[in-house]
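What follows draws every value from the coordinates through simple rules; no lab data is involved. Remember, it's a predicted structure, so these values are computed and weren't measured experimentally. Cβ sites come from the backbone with ideal geometry, for glycine too, and all protein chains shown count toward neighbours.
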Amino acid sequence: MDPISSPKTPPKNATHTHKAQKPTHTDEQNPLAAEVLDNIDRLVDNVDAVQALLDIVRAAIDQNNSHIAEEVALFSHLRRLEGELRTTPMTAEERQAARATVAEADTNIRASIVLLLERRRHLGEVFALLLAARAVAFARSRAHLIPGVLLTAAAVVVYASLWGGVVPGFRSLVRVFALVTCFLFGGNLMRL
């Protein structure tokens, strides 16, 4: 089962009856990041594969954020129900049973939120790793172009100095560097 595409889906009912799971510790190793690091050699050679994984992780982050929003909405709904229970006339046994149900739902929602926040942290770490892998993959895929670009820049400087032209100033060199960077990385800088 793919851990990215199969998030823990919380139920949508108001009583929120699923069992609370023990939250993971924040100092545990991120299994998704470990998987990316295990396959880093293959990833830095394939820009398209890294981009596809980035898209998957971005979608998983969005889905996880929507689950967090659902849990927060359930939590606020539970608070409203708790307020209504205080004002509703009941027998002592009914009130005790209602309080126990609300306490159990509160515990379950809190545990679910902790798990979802931990998942968000893990996905964020994987996203950062994949961004770095994509930058390396772009650089490696465009590495064969760098000597030609450097040779062209050197030829411009030599031509200008030999034929009495003006050697480009700092601003001109910065503009050339910006154009070369855009050439090497193309429109892929905008896909962040």
Original post:
Can you work out the FRET efficiency for the pair Ala103 and Asp45, with r the C-beta to C-beta distance and R0 = 45 Å, to the nearest 0.05?
Top reply: 0.25
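For the peptides 65-73, 115-123, 46-54, what is the packing order when you average, over each peptide's residues, the other Cβ atoms within 10 Å and list the highest mean first?
Order by mean packing, descending: 115-123, 46-54, 65-73.
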**OP:** Set the Förster distance to 45 Å, then compute FRET efficiency between Thr152 and Asp62 from the Cβ-Cβ distance, nearest 0.05.
**Re:** 0.60
Subject >> Mean-position separation - Cα centroids, region 100-124 and region 137-154, in angstrom >> reply: 49 Å
Subject >> Chain lengthening between Val180 and Arg80 when straightened (0.36 nm per residue, less Cα-Cα) >> reply: 30.1 nm
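Mind listing which chymotrypsin sites (Phe, Trp or Tyr not before Pro) in region 102-161 are in a DSSP loop and have 10 or fewer other Cβ atoms within 10 Å?
none
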Original post:
Rounded to the nearest 0.05, what FRET efficiency is calculated for Arg120 and Ala143 with R0 set to 41 Å and r the Cβ-Cβ distance?
Top reply: 0.70
**OP:** Compute the length gained on full extension between Leu37 and Thr88: take 0.36 nm times their separation in residues and subtract their Cα-Cα distance, giving the result in nm to one decimal.
**Re:** 12.8 nm
